[in-house]
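Comments concern the structure below.
The values are calculated or read from the model by the stated rules, or taken from the named source; none is laboratory data. Every value quoted in this text rests on a predicted model; they were computed, and no experiment measured them. For neighbour counting, all protein chains shown are included, and Cβ atoms are generated from backbone atoms with ideal geometry for every residue, glycine included.
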Amino acid sequence: MSKSQSGKLCVTFFPPATPFKPVDERKYTFSKNNETGDCNLTIGYCFDESVIDPVYHNEIFSEWVYRRGQYILKGKVFVNSSEVEEQYAKKRFLFFQREMQEALTSIVNGDRRFFQNYPWLLDSPIYIHFESTFPKYNQVFYYGKPRQYLAQGQQEFIS
């Protein structure tokens, strides 16, 4: 396991994943500590179960999948289970919508060396599934392409 720190983002690679491979089945686990604001990104062949908060489940899971002739970055967030009230589900739904841009920015910039080797993936679509037992919160959203989440200055470097 290798780590690198960049500001408040800690990036961890689970071997055999590296900044350069694999594309297929490359998985991201993004979590944020609500108290400190520190973010963690784990990149590997599997999701990082060690960072899952058993109470809040504020993690964002995403992975590269090949569908219909192209790669997509497919993700999911856990909005609620069947034991909670709809008002709680609404709060979590809005929370994830509000935090998604920061999370995707962290994922893309945390894995920028990967995108330098596979620049065509910067134009792949991103879809995030909000998993909920309430139909109005159980939705899939299109979040653009990784290119739009690159930090300023990275655009020209990778293009």
Is it true that some residue in region 60-77 is assigned to a loop (DSSP other than H, G, I, E, B) and out of contact with any His (no Cβ under 6 Å at 6 or more places or on another chain)?
yes
The listed residue being closer than 23 Å to LYS8 by Cα, surrounded by 13 or more Cβ atoms within 10 Å (Cβ to Cβ) and at pLDDT 95 or above, out of GLN97, GLN139
GLN97
Quick check on TYR118: is it farther than 26 Å from GLY37 by Cβ, of a type in the set (Phe, Trp, Tyr) and in contact (Cβ under 8 Å) with a residue 60 or more places away in the chain?
yes
If you go through region 11-32 one residue at a time, do you hit one that is in a strand (DSSP E or B), small (Gly, Ala, Ser) and over 21 Å from PRO119 (Cα atoms)?
yes
Given the structure, is SER4 modelled with pLDDT under 95, outside any loop (DSSP other than H, G, I, E, B) and either under 24 Å from TYR142 (Cβ atoms) or out of contact with any strand residue (DSSP E or B) (no Cβ under 7 Å at 6 or more places or on another chain) (or both)?
no
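Okay, residues lined up against (1) out of contact with any strand residue (DSSP E or B) (no Cβ under 6 Å at 6 or more places or on another chain); (2) over 20 Å from THR18 (Cβ atoms); (3) of a type in the set (Gly, Ala, Ser):
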| site | (1), (2), (3) |
| --- | --- |
| VAL55 | yes, yes, no |
| ASN58 | yes, yes, no |
| SER62 | no, no, yes |
| VAL84 | yes, yes, no |
| PHE95 | yes, yes, no |
| TYR143 | no, yes, no |
Test each condition in (1) of a type in the set (A, V, I, L, M, F, W, C); (2) surrounded by fewer than 16 Cβ atoms within 10 Å (Cβ to Cβ); (3) closer than 17 Å to PHE95 by Cβ for PHE20 and report the one that comes out false.
(3)
Flagged in region 110-126 as assigned to a helix (DSSP H, G or I), surrounded by 14 or more Cβ atoms within 10 Å (Cβ to Cβ) and among the aromatic types (Phe, Trp, Tyr), in numbering order, are PHE114, PHE115
Checking the condition under 22 Å from ASP123 (Cα atoms), surrounded by fewer than 15 Cβ atoms within 10 Å (Cβ to Cβ) and at pLDDT 95 or above, which residue from TYR71, TYR66 passes?
TYR66
